[in-house]
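Undergrad: Sharing a structure with you now.
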Amino acid sequence: MQVLENLNWRYATKSMNGTPVPQEKVDYILEAVRLSASSSGLQPYEILVITDQEVKEKIKSIAWNQSQITDASHVLVFAAWDNYTEERINSVFKYNNEQRNLPDSVTDEYRTNLLASYTAKTAEENFNHAAKQAYIALGTALIAAAEQEVDSTPMEGFDPAALDEILDLKSKGLRSVIVLPLGYRNEEGDWLVNMKKVRTPKEKFVTVV
């Protein structure tokens, strides 16, 4: 029941009060993201944690001037691989096998099939798949933040190309997908703070076949 209580408590915070989030809470959220589900365990994305106020101001300017970005304690940027490459996939399998004390040959067949699948697709197709994996991690981040009673606001309202330039993501082979400010709600300045949480009724949302 605790998870449901946490999810009922959280909402997309429209105004934050600038109070710093303790580092241990941020670390908890990031660790939850690191442990999140990922297709074939590839984790084809990285998280950039923005705390520098000047950088936040730059991001705000290309994100419809949404105040949560500069009033947040930390801003998480989920950045997906721009492509699945043989080097990236092999690197993940090599690391996993080393950590599990397994010879590379154990996963050769699976890895070969995976490589054949991804290398046959365009870079844009692969990026779109990687971006979906980042969204799975975002869901984990939202739940972990709510558990820690840290407010958050998932944001797609920004110029991805401009954000990529601000953070020099192209040089890292990454593209920004979504932004997640973390902080604490401004009780007096957020029009949504006391609103009833409304979601689609279960009978219209769930179909049992």
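Undergrad: Taking the range 56-86 on its own, how many of its residues are farther than 17 Å from LEU138 by Cα and of a type in the set (Phe, Trp, Tyr)?
TA: Residues in the range 56-86 being farther than 17 Å from LEU138 by Cα and of a type in the set (Phe, Trp, Tyr): 2 in total.
Undergrad: Please work out which one of (1) more than 17 Å from the chain's Cα centre (by Cα); (2) closer than 30 Å to GLU5 by Cβ; (3) not in a loop (DSSP other than H, G, I, E, B) is the condition ILE136 fails and give its number.
TA: Just one mismatch for ILE136, condition (1).
Undergrad: Might you check whether a residue that is open to solvent by 30 Å² or more (accessible area, probe 1.4 Å) and β-branched (Val, Ile, Thr) occurs anywhere in the range 118-126?
TA: So in the range 118-126, the residues open to solvent by 30 Å² or more (accessible area, probe 1.4 Å) come out as 119-125.
If we keep only those that are β-branched (Val, Ile, Thr) too, we end up with 119, 122.
Yes, the range 118-126 contains at least one residue that is open to solvent by 30 Å² or more (accessible area, probe 1.4 Å) and β-branched (Val, Ile, Thr).
Condition check ((1) of a type in the set (S, T, N, Q); (2) assigned to a loop (DSSP other than H, G, I, E, B); (3) open to solvent by 100 Å² or more (accessible area, probe 1.4 Å)) across all residues:
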{"position": "ALA161", "(1), (2), (3)": "no, no, no"}
{"position": "VAL179", "(1), (2), (3)": "no, no, no"}
{"position": "GLU187", "(1), (2), (3)": "no, yes, yes"}
{"position": "THR200", "(1), (2), (3)": "yes, yes, no"}
{"position": "THR207", "(1), (2), (3)": "yes, yes, yes"}
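Yes/no matrix, rows are residues, columns are (1) touching a Phe, Trp or Tyr at 6+ places or on another chain (Cβ under 8 Å); (2) in contact (Cβ under 8 Å) with a residue 24 or more places away in the chain; (3) not acidic (Asp, Glu):
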{"residue": "LYS14", "(1), (2), (3)": "yes, yes, yes"}
{"residue": "LEU35", "(1), (2), (3)": "no, yes, yes"}
{"residue": "ALA63", "(1), (2), (3)": "yes, yes, yes"}
{"residue": "ALA72", "(1), (2), (3)": "no, yes, yes"}
{"residue": "ALA79", "(1), (2), (3)": "yes, yes, yes"}
{"residue": "LYS94", "(1), (2), (3)": "no, no, yes"}
{"residue": "PRO103", "(1), (2), (3)": "no, no, yes"}
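Undergrad: Among the listed residues ALA131, ALA37, ALA79, identify the single one that is closer than 21 Å to GLY157 by Cβ and not in a helix (DSSP H, G or I).
TA: It is ALA79.
Undergrad: Can you confirm whether GLU149 is at negative phi, open to solvent by 70 Å² or more (accessible area, probe 1.4 Å) and either part of a loop (DSSP other than H, G, I, E, B) or in contact with a Lys or Arg (Cβ under 8 Å, 6 or more places away or on another chain) (or both)?
TA: Numbers: at negative phi: no; open to solvent by 70 Å² or more (accessible area, probe 1.4 Å): yes; either part of a loop (DSSP other than H, G, I, E, B) or in contact with a Lys or Arg (Cβ under 8 Å, 6 or more places away or on another chain) (or both): yes.
Considered against the rule, which asks whether it is at negative phi, open to solvent by 70 Å² or more (accessible area, probe 1.4 Å) and either part of a loop (DSSP other than H, G, I, E, B) or in contact with a Lys or Arg (Cβ under 8 Å, 6 or more places away or on another chain) (or both), GLU149 comes out as no.
Undergrad: Moving on to the next point. Could you please let me know if VAL106 is of a type in the set (Val, Ile, Thr) and either under 15 Å from the mean Cα position of the chain (by Cα) or open to solvent by 60 Å² or more (accessible area, probe 1.4 Å) (or both)?
TA: Values: of a type in the set (Val, Ile, Thr): yes; either under 15 Å from the mean Cα position of the chain (by Cα) or open to solvent by 60 Å² or more (accessible area, probe 1.4 Å) (or both): yes.
So VAL106 fits the description; yes.
Undergrad: What pairs come out if I take residues in the range 109-133 that are in contact (Cβ under 8 Å) with a residue 60 or more places away in the chain and pair them with residues that are part of a helix (DSSP H, G or I) and of a type in the set (A, V, I, L, M, F, W, C) whose C-beta lies under 8 Å away, six or more apart or interchain?
TA: Going by the 8 Å Cβ cut-off, the qualifying pairs are LEU114/ILE89.
Undergrad: How do the pairs read when you match residues in the range 182-202 that are without any contact (Cβ under 8 Å) to a residue 60 or more places away in the chain with residues anywhere that are open to solvent by 100 Å² or more (accessible area, probe 1.4 Å) and in a helix (DSSP H, G or I), using Cβ under 9 Å and keeping only pairs 6 or more apart or on different chains?
TA: Hits for this filter: ARG199/PHE205.
Undergrad: Of all residues in the range 51-63 being assigned to a loop (DSSP other than H, G, I, E, B) and in contact with a strand residue (DSSP E or B) (Cβ under 9 Å, 6 or more places away or on another chain), which is surrounded by the fewest Cβ atoms within 10 Å (Cβ to Cβ)?
TA: Filtering first and then ranking leaves THR51.
Undergrad: Got a sec? Which of ASN65, ASN83 is at pLDDT 95 or above and over 30 Å from ARG185 (Cα atoms)?
TA: The unique qualifying residue is ASN83.
The values are calculated or read from the model by the stated rules, or taken from the named source; none is laboratory data. As the structure is a computational prediction, the values presented were derived from the model and not from experiment. Every residue, glycine as well, gets a Cβ built from its backbone with ideal geometry; the counts of neighbours run over all protein chains shown. Ligands, DNA and RNA are stripped out before the accessible areas are found, and what is left, the full protein with its side chains, is counted by its heavy atoms. Shrake-Rupley method; radii C 1.70, N 1.55, O 1.52, S 1.80 Å.
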